[in-house]
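Working notes, beginning with the structure itself.
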Amino acid sequence: MSEQTEPLKTAPIITVQQHILQEQKRFPGASGEFSWLLSGITMATKMIQAKVRRAGLSDILGEQGAVNVQGEVQQKLDVYSNEVLVHCLSTRESIGVLASEENEEPILVHQGSENANYAVVFDPLDGSSNIDVNVSVGTTFSILRRPPGVSLDEPEKWVLQPGSKTIAAGYVVYGSSTLLVYSVGNGVHGFTLEPSVGAYILSHPNMKMPQQGKYYSVNEAYIDTFPPRYREYIERLRSGVLGHKYASRYIGSMVADFHRTLLKGGVFLYPPTEANPGGKLRLLYEANPIAFLAEQAGGTAIDGTQRVLDIQPESIHQRVPFVVGSRVELADFERFASK
Ligand code: AHG
Ligand code: MN
Ligand code: MN
């Protein structure tokens, strides 16, 4: 029998690089620098995912032995992921400042170049408690522009901006596949890593969060220490007053919990608790990128009272209570619990 060549599928294959080049037409004068910047993130996250995929094989599981600025024990993969992101991003001349969950202070990377106009803030590895047990982890990032009049050597001022100033944000979820979800303020787009060619391919164009979902997502073990309005809200979800009785899903990796919420709708909460009265999640590099994506997908993100993207940050590792999800669930929260 003669060999037959399979015809190429007719649907266009769009890589993240192509997509970014299209999107950056929205930034007059950006002339390729933005796609070069984002390629630092795609490169780093491919390296991180390669390590995550081999986690049980290499000597990478477990604790590093150090404690990060949050007072949390660093996992080896936290450290590796941070180093890779810093390495890949510090060679992009348009980037002046990096701020990471794993570094107490922002890092200056511009080497004096006045062309450095962007700051990148990131959580290199989100959901570290899940690394050793083969459960999804992620990376989150936001890109901010250097505010007018701020000099190269004032790194805090580059990053202490409200999330409404975000130029682009996204996450990568290292799940059953590796998926990059990002937005430059023109909708939310998902790219699945095709491992055999090492390219992120558009698989989820123009993602929209359903208006309402079936699940709430919260660490219910702490429920006794939530402020009463959060307890009452969860009771509302369970009681059926929103049209059906909710089920719960909680992974413990914000990226993965949010990713499900983005696709299926519902609500994710990390309320104030006894251990973390100001919330646990970090405003700059956890809540803000997720809030930006949620809004771009038609959802809502609040700190329990106000819009997350309106909060003026005061410090780099500031924490914030976080409620994010579909319109219906968030409207109900705002009506009955947002006091
Ligand atoms: P990180 O691994 O970057 O420190 O973040 C962990 C965060 C977040 O991913 C998750 O939503 C939350 O911690 C889980 O916390 P609990 O174990 O307290 O539920
Ligand atoms: Mn995190
Ligand atoms: Mn982390």
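Data table
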item	result
Selection from segment 128-143 of residues that are open to solvent by less than 10 Å² (accessible area, probe 1.4 Å) and more than 19 Å from His87 (Cα to Cα)	Val137
Of all residues making up segment 278-310, the number that are farther than 19 Å from Phe122 by Cα, open to solvent by less than 10 Å² (accessible area, probe 1.4 Å) and either of a type in the set (Val, Ile, Thr) or part of a helix (DSSP H, G or I) (or both)	1
Pairs, first in the same structural domain as Ala256 (by TED's automatic domain parsing) and surrounded by fewer than 24 Cβ atoms within 10 Å (Cβ to Cβ) in segment 315-331, second among the hydroxyl-bearing types (Ser, Thr, Tyr) and at pLDDT 95 or above, C-beta under 7 Å, six or more apart	Arg327/Thr300; Leu330/Thr300
Any chance Lys264 is charged (D, E, K, R) and under 18 Å from Leu330 (Cα atoms)	yes
Any hit, segment 144-151, residues being open to solvent by less than 20 Å² (accessible area, probe 1.4 Å), assigned to a strand (DSSP E or B) and of a type outside the set (Lys, Arg)	yes
Residue that is farthest from Ala287 (Cα to Cα), among those in segment 124-147 that are away from ligand 2 (no atom under 16 Å from the Cβ) and among the aliphatic types (A, V, I, L, M)	Val133
Members of segment 253-271 that are open to solvent by 20 Å² or more (accessible area, probe 1.4 Å) and not basic (Lys, Arg)	His259, Leu263
Residue list for segment 191-248, filter: under 21 Å from Glu274 (Cβ atoms) and surrounded by 19 or more Cβ atoms within 10 Å (Cβ to Cβ)	Tyr216, Ser217, Val218, Phe226, Tyr230, Tyr233, Ile234
Residue under evaluation Gly187, criteria (1) buried (at least 17 other Cβ atoms within 10 Å of the Cβ); (2) of a type outside the set (D, E, K, R); (3) at pLDDT 95 or above, criterion not met	(1)
Among residues of segment 242-268, those that are out of contact with any strand residue (DSSP E or B) (no Cβ under 8 Å at 6 or more places or on another chain) and at positive phi, counted	2
Close pairs from segment 150-167: first under 13 Å from Ala116 (Cβ atoms), partner open to solvent by less than 30 Å² (accessible area, probe 1.4 Å) and in a helix (DSSP H, G or I), Cβ under 7 Å, at least 6 apart	Val150/Trp158
Those residues of segment 68-91 which are open to solvent by less than 40 Å² (accessible area, probe 1.4 Å) and either in a helix (DSSP H, G or I) or at pLDDT 95 or above (or both), in sequence order	Leu77, Asp78, Val79, Ser81, Asn82, Val84, Leu85, Val86, Cys88, Leu89
Some residue of segment 203-212 being of a type in the set (Gly, Ala, Ser), in a strand (DSSP E or B) and modelled with pLDDT of 95 or more	yes
Matching residues, segment 96-122, being more than 16 Å from ligand 3 (Cβ to nearest atom), open to solvent by less than 30 Å² (accessible area, probe 1.4 Å) and not in a loop (DSSP other than H, G, I, E, B)	Gly96, Val97, Tyr118, Ala119
Residues of segment 252-262 that turn out to be more than 8 Å from ligand 1 (Cβ to nearest atom) and either farther than 17 Å from Leu180 by Cβ or outside the structural domain of Lys280 (by TED's automatic domain parsing) (or both), as a count	1
Near pairs, Cβ below 7 angstrom, 6+ apart or cross-chain, from segment 170-195 (free of Cβ contacts under 8 Å to residues at least 60 places away in the same chain) to any residue that is assigned to a loop (DSSP other than H, G, I, E, B)	Gly190/Met207; Thr192/Ser177
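The values are calculated or read from the model by the stated rules, or taken from the named source; none is laboratory data. Nothing here was measured: the structure is a model prediction, and the numbers come from that model. Note that we place each Cβ from the backbone using ideal geometry, even for glycine, and neighbour counts take in every protein chain shown. For accessibility, only protein heavy atoms count, side chains too; no ligands or nucleic acids. Shrake-Rupley method; radii C 1.70, N 1.55, O 1.52, S 1.80 Å.
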